[in-house]
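Worksheet: one structure, shown below.
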Amino acid sequence: MDNISFDLDKKPLREVNQLLHGDAAGLNGKSFTIENPNGAHSIAVGLKSDVHVTIKGHAGYYAAGMNQIAKVTIEGSAGSGVAENMMSGVVHVKGFASNAAGATANGGLLIIDGDAGLRCAIALKGADIVVGGSVGSFSAFMAQAGNFVILGDAGEGLGDSIYEAKIFVRGKVKSLGADCEVKTMDAESKKILTDLLAKSGHVDVKPESFTQYGSARTLYHFHVDNAGAY
């Protein structure tokens with residue numbers, strides 16, 4: 001596999017991103033390393049080729065946003081909105097993630113080894129997110145579809161106004177949001193959880209140690225009796 005290295009101390013990020021947005025036929029199968037990211041924003045956004053990008057350090061806002069097909073590894077922490085609106089592929093943050101990680105993500109897999117900040121998985125639309133640590137308040141707010149695995153604890157308002165996404169939490173939940181409730185884990189959900197634990201490197205973690213949460217389905221349509229929950 002071809003490997004190309006960029007040093008952001010020497011080459012502008014705009015030029016690096018432009019190269020990564022080139023014709024897929026010439027990029028597929030290549031590997032790129034980005035040195036000295038120094039918290040720059042919007043690194044490796046909107047990738048549409050089958051490439052592997054390794055960011056050797058901390059990334060700023062919206063790293064790997066709108067990702068398609070590519071695998072992006074951040075060997076540090078990531079600022080707000082990492083993998084925002086991801087469509088497919090894999091984004092792996094080996095450190096911590098700030099607010100709104102995986103926001104509106106439609107597909108693919110986001111792995112965060114450390115903790116994630118507020119509103120992780122907000123408006124999730126079909127992607128899978130695995131957080132090795134804990135998540136902040138109002139995570140999975142209005143999550144519509146997809147799967148959200150939390151190996152640590154969850155803050156206040158987990159799953160507020162959730163639709164049909166599945167949430168699996170191994171630790172404690174400070175409080176549930178409106179219309180979010182404990183669910184009984186069936187065979188299908190257990191398989192989903194088992195597969196995601198394996199894909200994210202947590203093969204020794206037992207699915208039985210998790211509690212599943214999902215929608216009580218009382219907020220799908222407005223009803224005056226539920227007005228206080230909106």
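A few points about this structure:
- Segment 80-118-segment 11-57 distance, computed between alpha-carbon centres (Å): 17
- Entry note, segment 148-212: relative contact order of 34 percent, from Cα contacts under 8 Å with a spacing of 6+ residues.
- Ranked by the mean number of other Cβ atoms within 10 Å of their residues, highest first, the peptides 130-137, 55-62, 19-26, 172-179 fall in the order 130-137, 55-62, 172-179, 19-26.
- Compared with the dominant principal axis of the Cα atoms in the chain, helix 187-199 is inclined by about 30°.
- Within the same chain, aspartates and glutamates fewer than 8 places from residue 166 are excluded, and of the rest, those with a Cα less than 12 Å from its Cα are 128, 181, 186, 188.
- Calculated FRET efficiency for the pair residue 9/residue 186, C-beta based, R₀ 41 Å, to 0.05: 0.20
- Sequence-separation-based contact order of segment 115-230, relative, with Cα cut under 8 Å and 6+ spacing, percent: 21
- In the chain, Cα pairs under 8 Å separated by at least six residues give a relative contact order of 10 percent.
- Ranking of 6, 141 by neighbouring Cβ atoms within 10 Å, starting from the fewest: 6, 141.
- Reach of residue 11 by Cα under 30 Å, taken over lysines that are not fewer than 8 positions away in the same chain: 30, 48, 56, 71, 94
- Whole-Hz ³J(HN,Hα) from phi, Karplus 6.51 cos²θ - 1.76 cosθ + 1.60, for segment 129-140, glycine and proline x: 10, 10, 10, x, x, 9, 10, x, 5, 6, 6, 6
- Packing-based ranking, highest mean first, of 8-18, 41-51, 193-203, 94-104 given that Cβ atoms within 10 Å are counted: 94-104, 41-51, 193-203, 8-18
- Within the same chain, lysines fewer than 8 places from residue 172 are excluded, and of the rest, those with a Cα less than 18 Å from its Cα are 183, 206.
A short reminder: the numbers here are calculations on the coordinates, not readings from a lab. What you see is a predicted model; the values in this text were computed from it and never measured. So basically every Cβ, Gly included, is an ideal-geometry build from the backbone, and we count neighbours across all protein chains shown.
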